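A short reminder: the numbers here are calculations on the coordinates, not readings from a lab. Everything numeric here is computed off the predicted structure, so don't read it as measured data.
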């Protein structure tokens, strides 16, 4: 069972992964994540942003199969339109592992993720490897707080999420395309601020809109954001990187102008 749970968590969270947001803390700082180090592979990652405060990349010090860099592209409305995962850069001629295209509904929420796997980056889009014509589609449904609560993924695997009365992720119920079902529970939670809330893209990629943290937080910055924490469950990931121990560095603007907490 642990192996099955691991496989489906990898497909959901590390495979192809709203303007409306869950309730915010009025005293939350204006911060953004700029780097972090994980204890799983002792790997450092760095995050860059554009002039509008949206992520441009998450670059790993060490890359390899399943351990890629992320690159984000935006449409003319400053909405996330594409995400590429690569071992190097997102320049033309480089190899990609995944190339996601995102589609929106009239409310400005991502409702479909269409993903190509394994090929070459060109100015005209992905060129799959010879014989590699497969691409996958995910669809997303939201609750009235703008949180993803239902995902239909590759192979018609269905994932349903529930939140507790503190607005933290409580459970994920999985029904596989083969008909088997299981549930994963989350928590308990502390009172520190979940770092995913520093940008709505981190919430979307993690499928987690929790206000607080279920990991063991051992240190915070002056604004209550964790700077050091360790995993309390199997296979957690942070910005698409699995971790056991995590150290996070932020750029914060205490005056309130700049980076919003969601």
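Tell me whether segment 160-262 comes out rounded, prolate or oblate; compute the Cα gyration tensor, take square roots of the eigenvalues as a ≥ b ≥ c, and use a/c under 1.5 as the rounded threshold. Intermediate results must be reported in sequence, preceding the final value.
Values: a/c = 2.05, a/b = 1.77, b/c = 1.16.
Since a/c reaches 1.5 and a/b is larger than b/c, the shape of segment 160-262 is classed as prolate.
Kindly identify segment 2-253 as rounded, prolate or oblate by the Cα gyration tensor criterion: order the square roots of the eigenvalues as a ≥ b ≥ c, call it rounded if a/c is under 1.5, otherwise compare a/b with b/c, prolate if a/b is larger, else oblate.
Rounded shape, in that the Cα axes give a/c under 1.5.
How much length would be gained if the chain were fully extended between residue 158 and residue 141, taking 0.36 nm per residue of separation minus their Cα-Cα distance, in nm to one decimal? Write out the running numbers ahead of the final one.
Numbers: separation 17, 0.36 × 17 = 6.12 nm, distance 1.13 nm.
Full extension of this stretch gives 5.0 nm more.
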